Amino acid sequence: MTTAVLTARLPPTRHSRSLDPGDIMRLKALALLALLPATLAQAETGVWSLIAESGGCDVSFLPEAVDDGIFFVDRGDAECGADIGRITGYALNEEGAVVVLYSTLDGVDLVGNVTRQADGVFTGRLRGGGVLRLEHKSGPIGIADPMTGLMTGETAEPLDLEDEAAADAPLAGAAPQGDCLSYAGREGTCAEQSDLGPPEGGQLQVLTRMNLRDQGTTSGSAVIGRAEAGACLAITFCSEDEQGRLWCGVQSDTAQGYLLKQDSKTVYALNTCR
């Protein structure tokens, strides 16, 4: 299979400026969209009802990049409440069975995620606590993630409850969510003390799909790869950025870079591989 490489040269203008890393990543995401079959990139999208305790509204999921690896959630002009009203982007995880929801209004902030149930409805929790529900209303049922090629739809299988229970077994004694850090994708449980701070054993295990950057910060850095949920990575060192977020230099046989280990609310990787 041949991989196409796109290059572009812009003519100089009186108001030209250098592209910053964010501009470059958005151009790369748009280039990926251009490589998709026209039937996917131009397909009509369905209408979904997205509801939280603070309010809700109808939304559509459009395969248009709003940030690196994050695509557009169209809320129209609706008043959606304090939580849903922040959501501007999405990505898919767990083979399309999980929809991760983001705000890109001021940087990139995880808002919550929902998991497909046996009846086709997606349910989950907001990062800050509270129930989240996503239900198909009309039109095509598929939601596409052009970055990963994942797609939800009628054929998408719900997550196996036994597998989920096994994955959560190490967290069985965790306390309810409160003034503590929670695990990414497992909101409602406090992270164990052993998973806080830098790993001591030289490895970490990623809990949700994460960007790998060329520097341990989101300020002025570029995304150079991705780490998928469940990946076990060797670490070289860890340090905090200017906002107090913990970044770890990681490497595998195929990639290396800096990964966000935890911030003030969420732990994104375990301190051991399980």
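Numbers for the structure displayed
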| read-out | value |
| --- | --- |
| Residue that is surrounded by the most Cβ atoms within 10 Å (Cβ to Cβ) [pool: residues in segment 93-106 that are in contact with a strand residue (DSSP E or B) (Cβ under 9 Å, 6 or more places away or on another chain) and farther than 17 Å from Glu228 by Cα] | Tyr102 |
| Every residue from segment 196-229 that is surrounded by 15 or more Cβ atoms within 10 Å (Cβ to Cβ) and small (Gly, Ala, Ser) | Gly216, Ser221, Ala222, Gly225, Ala227, Ala229 |
| Residue in segment 68-88 that is within 28 Å of Ala229 (Cβ to Cβ), touching a helix residue (DSSP H, G or I) at 6+ places or on another chain (Cβ under 9 Å), at pLDDT below 90 and surrounded by fewer than 17 Cβ atoms within 10 Å (Cβ to Cβ) present | no |
| Near pairs, Cβ below 7 angstrom, 6+ apart or cross-chain, from segment 91-107 (under 11 Å from Ile70 (Cβ atoms)) to any residue that is in a helix (DSSP H, G or I) | Ser103/Arg86 |
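The values are calculated or read from the model by the stated rules, or taken from the named source; none is laboratory data. Just so it is clear, the model here is predicted, and its values are computed rather than measured. Positions of Cβ are generated from backbone atoms using ideal geometry, with glycine treated the same way; all protein chains shown enter the neighbour counts.
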